[in-house]
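Values quoted throughout were computed directly from the atomic coordinates according to the rules given, and no laboratory measurement underlies them. Since the model is a prediction, treat every value here as computed from it, not as a measurement. Cβ sites come from the backbone with ideal geometry, for glycine too, and all protein chains shown count toward neighbours.
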Amino acid sequence: MSKTWGGRFTQSADPTAERFTGSLAFDQRLWPHDITGSIAWARALARAGLLTAAEAETLVKGLEAVRVELEAGTFRFRAELEDIHTNVERRLVELVGDVGGKLHTGRSRNDQIALDERLYLKDVVAATQAGLRGAQEALLARAAETVDAPMPGYTHLQRAQPVVLAHHLLAYVFMLQRDRERFADCGRRVDVMPLGAAALAGTAFPVDREALARELGFASVTLNSLDAVSDRDYVLEYLAAAAVAGMHLSRLAADLSLWATAEFAFVEFADAWATGSSIMPQKKNPDVAELIRGKSGRLYGNLVAVLTAMKGLPLSYNSDMQEDKEPLFDSIDTLLAVLGVLPPMLASLTFRTDRMRAAAGENFATATDLADYLVRKGLPFRQAHEIVGRVVRHAVERTLGLEQIPLADLRRFSELIGSDVHQALTVEASLRARAVTGGTAPEAVRRALAQARELVRA
Ligand code: ARG
């Protein structure tokens, strides 16, 4: 098979080298964008006087015919034609004859691949946003049911203070909201049209790049041809945003896996969203959650792979940059797959709110509230902290809960303690006190839920 660049070569390619350098196996997914870009380029060439209207029409019709073959699955991909760009162009020439050879006028695969990637990423960013929103909606639905469901809140994985389950779930809604902002920001920088940069120095023909950008739906054009063909920061930004989102989703999955243990027993996975063991008949494993957690590893790896491939490359284009695609596509596929399973998995969970409620009041969870009680009676917080520390030690020695210590005994630690103390130490009072914006009081959580809904749906 002759190459698009065969003229200056006397030897045909070594098949092993050909297999090694080819990218068709992975870049073929860019075909819809490659054809869209080529159709716009044919029209731009006609506007620049390089093609007659009839020639441009022939190219556009031919490219549409190639699109039909690709859509139908009848297109015969030829690996020996290196990449998707050459496969499409060669088929075009087969269909329309020599005039097809005019399509690549003033264009290079270097600006072509940058265009294809950017067009593709515009779609992918939109799909990622929709997926993140779906995950947020699933969390919002569970949060709406659990605004009044107390559970222990943790720091250092030690029981710390009571919170409500909705508060815990909404934390993830806000994390995913910032992920959406990161992808939107990535989308803004993807939205720049590189075609016309040609190989590296800019095309030698008077192509109206602004008109081309409008036709392709881009907000603006690249302003430096070397930059246009040699940077992949838009790929890196997607990979970085995907890595952060993957980390958030991993932590959610980690919480759920922990909560599904017999030790916690805060949640039960539906049978349809769990798996068994091939040897231990009693096992029910939270595999889906574990794999959501595990997938974060490849999201980080893909980011580091492309950062490393790009580092130290002299301007402008280098073939190393072809290594951007498999990590990018893998991160896209991975993140979209995670976002696909998360909402139904969340919907299927049974929260053991009885177990959470019981645990919420254990382990001196309201000790801070006793210190706050003393502060309200006028004691400096540091003294209050010290006194409550001694109360806790006293209770530990007698295996009592704070609320079980008789008033008379409590008063030996501070005369400021009165008969109203026990009602200040309940889980409900502890929650109710935290009514600041962003706090865990059910009333504050209801407000946050409404605000989260608005953000998510904006
Ligand atoms: N397959 C190449 C890539 O992904 C397209 C650009 C190739 N350009 C070149 N001069 N070899 O980056």
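Listing L431, L335, L236 from fewest to most neighbouring C-beta atoms within 10 Å gives L236, L431, L335.
Solvent-free Debye calculation, one equal scatterer per alpha-carbon of region 145-221: log10 I(q)/I(0) at 0.12, 0.13, 0.22 Å⁻¹ equals -0.58, -0.61, -0.98.
Database remark: amide H of F75 closer than 5 angstrom to the amide H of L70 (H placed geometrically; neighbours at sequence offset of 5 or more, or on other chains; Pro and chain starts carry no H).
Each residue of region 155-169 was assigned a 3J(HN,Hα) from its phi angle through the Karplus curve 6.51 cos²θ - 1.76 cosθ + 1.60 (θ = phi - 60°); the sequence is 10, 6, 6, 10, 4, 10, 8, x, 9, 9, 4, 4, 5, 4, 5 Hz, with glycine and proline shown as x.
With N denoting the number of residues in region 28-80, provide Rg(C-alpha) divided by 2.2 N^0.38 Å, to two decimal places.
1.24
Across region 179-201, the residues whose backbone nitrogen lies under 19 Å from the label position 7 Å along the beta-carbon direction of K3 are 199-200.
In this structure, the residue pairs whose Cα-Cα separation is over 21 Å, taken from K3/K102; K3/K122; K102/K325; K295/K325, are K3/K122; K102/K325. In the chain, the alpha-carbon atoms span a convex hull of 204 Å³ per residue.
If one computes the Cα centroid of region 46-84 and of region 385-458, what distance in Å separates the two points? Computed from Cα coordinates, the inter-centre distance equals 70 Å.
Taking only the C-alpha atoms, wrap a convex hull around region 307-355 and report its volume per residue in Å³ as a whole number.
Residue-normalised Cα hull volume stands at 100 Å³.
Calculated FRET efficiency, T426 to R142, Cβ-Cβ distance, R0 = 22 Å: about 0.30 to the nearest 0.05. Look at where the Cα atoms of region 6-44 and of region 294-372 average out, and the two centres are 34 Å apart.
Highest mean first, what order results for 438-450, 191-203, 389-401 on Cβ atoms within 10 Å?
Going by the mean number of other Cβ atoms within 10 Å, highest first, we get 191-203, 438-450, 389-401.
D by Stokes-Einstein for region 4-156, Kirkwood Rh over Cα pairs, 20 °C, 1.002 mPa s: 115 µm²/s. Counting neighbouring Cβ atoms within 10 Å and putting the fewest first, the residues W273, W5, W259 line up as W5, W273, W259.
Residues H385, H168 in ascending order of nearby Cβ atoms (within 10 Å, fewest first): H385, H168.
Given their separation in residues at 0.36 nm each and the Cα-Cα distance between them, Q451 and R76 gain 129.8 nm when the chain is fully extended. In this simple spin-label model, placing a label point 7 Å from the Cα along the Cα-to-Cβ direction at both A408 and D287 gives a separation of 6.2 nm.
Taking Lys and Arg as +1 and Asp and Glu as -1, the other residues whose beta-carbon sits under 12 Å from that of R357 total -2.
Using only the Cα atoms of region 5-56, build the gyration tensor, take square roots of its eigenvalues as a ≥ b ≥ c, and label the shape rounded, prolate or oblate: rounded if a/c is under 1.5, else prolate if a/b is larger than b/c, else oblate. Oblate, since a/c reaches 1.5 and b/c is not below a/b. For region 328-403, the Kirkwood hydrodynamic radius from C-alpha pairs, put into Stokes-Einstein at 20 °C and a viscosity of 1.002 mPa s, yields a diffusion coefficient of 131 µm² per second. So how tilted is helix 325-348 from the main axis of the chain? Cα-based, degrees 0 to 90, rounded to 10. Tilt of helix 325-348: around 40 degrees.
With both labels modelled 7 Å from their Cα along Cα-to-Cβ, the R214 to A65 distance reads 3.1 nm.
Restricting the GluC sites (Glu not before Pro) of region 221-307 to loop positions (DSSP other than H, G, I, E, B) with no more than 11 neighbouring Cβ atoms within 10 Å leaves E263. If the segment from L416 to R188 were pulled out straight at 0.36 nm per residue, it would be longer than the present Cα-Cα gap by 76.1 nm. Over region 221-369, the Kirkwood radius and the radius of gyration, each from Cα atoms, give a ratio Rg/Rh of 1.17. Distance between the 7 Å Cα→Cβ label points at K311 and A265: 5.0 nm.
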